[in-house]
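Undergrad: Sharing a structure, written as structure tokens. Questions coming.
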Amino acid sequence: MTVTATVPTANASRYLQQLSKHWSHKFEVRFDAEKSEIAFPMGTLRMEAAPEALVVTLEPTPEADVARFQQVVADHLDRFAFKEAPLAFDWK
């Protein structure tokens, strides 16, 4: 199961990099200005920066609490995007 949200923002690359650096202290993280992959205990978070949106994809483990995973990611992104928070997450 994979869930994805396309989050409208003109600052996608900045948020992707800030969040990746933030979590690199706790988890295995690979990222550049356009893409990020973070290995959480509850699954993998992938982010991709587009010109007007941040595409956030969660690949939860079978036992993961998906709603909690979504909330953790959204809360952290909102902290970095405080000037435009809350961001709109349309999880699908």
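Undergrad: Only one of (1) more than 13 Å from the chain's Cα centre (by Cα); (2) within 20 Å of P86 (Cβ to Cβ) is not met by P8, so which one is it?
TA: With (1) more than 13 Å from the chain's Cα centre (by Cα); (2) within 20 Å of P86 (Cβ to Cβ) applied to P8, the lone miss is (1).
Undergrad: Still on this structure, please answer the following. In this structure, does E48 turn out to be within 15 Å of R14 (Cα to Cα) and in contact with a Pro (Cβ under 7 Å, 6 or more places away or on another chain)?
TA: Numbers: within 15 Å of R14 (Cα to Cα): yes; in contact with a Pro (Cβ under 7 Å, 6 or more places away or on another chain): no.
No; evaluated as a whole, the condition is false for this residue.
Undergrad: Now, a different point. Among the residues that make up the stretch 43-52, is at least one of them under 17 Å from V72 (Cα atoms), surrounded by fewer than 19 Cβ atoms within 10 Å (Cβ to Cβ) and of a type in the set (D, E)?
TA: No, the stretch 43-52 contains no residue that is under 17 Å from V72 (Cα atoms), surrounded by fewer than 19 Cβ atoms within 10 Å (Cβ to Cβ) and of a type in the set (D, E).
Undergrad: Then there is this: Would you mention how many residues in the stretch 18-42 are under 15 Å from A74 (Cα atoms) and either surrounded by 19 or more Cβ atoms within 10 Å (Cβ to Cβ) or within 11 Å of the chain's Cα centre (by Cα) (or both)?
TA: Going through the stretch 18-42 one residue at a time, the tally reaches 6.
Undergrad: State yes or no: is V56 outside any strand (DSSP E or B), within 12 Å of the chain's Cα centre (by Cα) and surrounded by 19 or more Cβ atoms within 10 Å (Cβ to Cβ)? Outline the logic, then answer.
TA: Working: outside any strand (DSSP E or B): no; within 12 Å of the chain's Cα centre (by Cα): yes; surrounded by 19 or more Cβ atoms within 10 Å (Cβ to Cβ): yes.
Against the criterion (outside any strand (DSSP E or B), within 12 Å of the chain's Cα centre (by Cα) and surrounded by 19 or more Cβ atoms within 10 Å (Cβ to Cβ)), V56 does not qualify.
Undergrad: Any residue at all in the stretch 62-71 that's exposed (fewer than 15 other Cβ atoms within 10 Å of the Cβ), in contact with a Pro (Cβ under 7 Å, 6 or more places away or on another chain) and modelled with pLDDT of 95 or more? Give the steps one after another, and end with the answer.
TA: In the first step, residues of the stretch 62-71 are kept if they are exposed (fewer than 15 other Cβ atoms within 10 Å of the Cβ); the result is 62-63, 65, 67-68, 71.
This time we only want the ones that are in contact with a Pro (Cβ under 7 Å, 6 or more places away or on another chain), so: none.
Looking through the stretch 62-71, none of the residues is exposed (fewer than 15 other Cβ atoms within 10 Å of the Cβ), in contact with a Pro (Cβ under 7 Å, 6 or more places away or on another chain) and modelled with pLDDT of 95 or more.
Undergrad: Residues of the stretch 17-52 being of a type in the set (G, A, S) and outside any loop (DSSP other than H, G, I, E, B), which ones?
TA: Applying the first criterion (of a type in the set (G, A, S)) to the stretch 17-52 yields 20, 24, 33, 36, 39, 43, 49-50.
S20, S36, A39, G43, A49, A50 - these are the residues of the stretch 17-52 that are of a type in the set (G, A, S) and outside any loop (DSSP other than H, G, I, E, B).
Undergrad: With the requirement that a residue be under 11 Å from T4 (Cβ atoms), assigned to a loop (DSSP other than H, G, I, E, B) and charged (D, E, K, R), what does the stretch 59-92 give you? Talk me through it step by step, then tell me what you get.
TA: Of the stretch 59-92, the ones under 11 Å from T4 (Cβ atoms) are 59, 70, 89-92.
Within this subset, residues satisfying the condition of being assigned to a loop (DSSP other than H, G, I, E, B) are 89-92.
Listed by number, the residues that qualify are D90, K92.
Undergrad: For the stretch 56-92, what are the residues that are of a type in the set (A, V, I, L, M), farther than 18 Å from K21 by Cβ and touching a helix residue (DSSP H, G or I) at 6+ places or on another chain (Cβ under 8 Å)?
TA: Residues satisfying the conditions are L58, A85, L87.
Undergrad: Any idea which residue in the stretch 1-16 is surrounded by the most Cβ atoms within 10 Å (Cβ to Cβ), counting only those that are of a type in the set (S, T, N, Q) and in a loop (DSSP other than H, G, I, E, B)?
TA: First pass over the stretch 1-16, keeping only residues of a type in the set (S, T, N, Q): 2, 4, 6, 9, 11, 13.
After this cut, where a residue has to be in a loop (DSSP other than H, G, I, E, B) as well, the list is 2, 9, 11.
Numbers: T2: 11, T9: 19, N11: 16.
Checked the stretch 1-16; the qualifying residue surrounded by the most Cβ atoms within 10 Å (Cβ to Cβ) is T9.
The values are calculated or read from the model by the stated rules, or taken from the named source; none is laboratory data. If you're wondering where the values come from, they're calculated on a predicted model, not measured in any experiment. Glycine also receives a Cβ, built like all others from the backbone with ideal geometry; neighbour counts cover every protein chain displayed.
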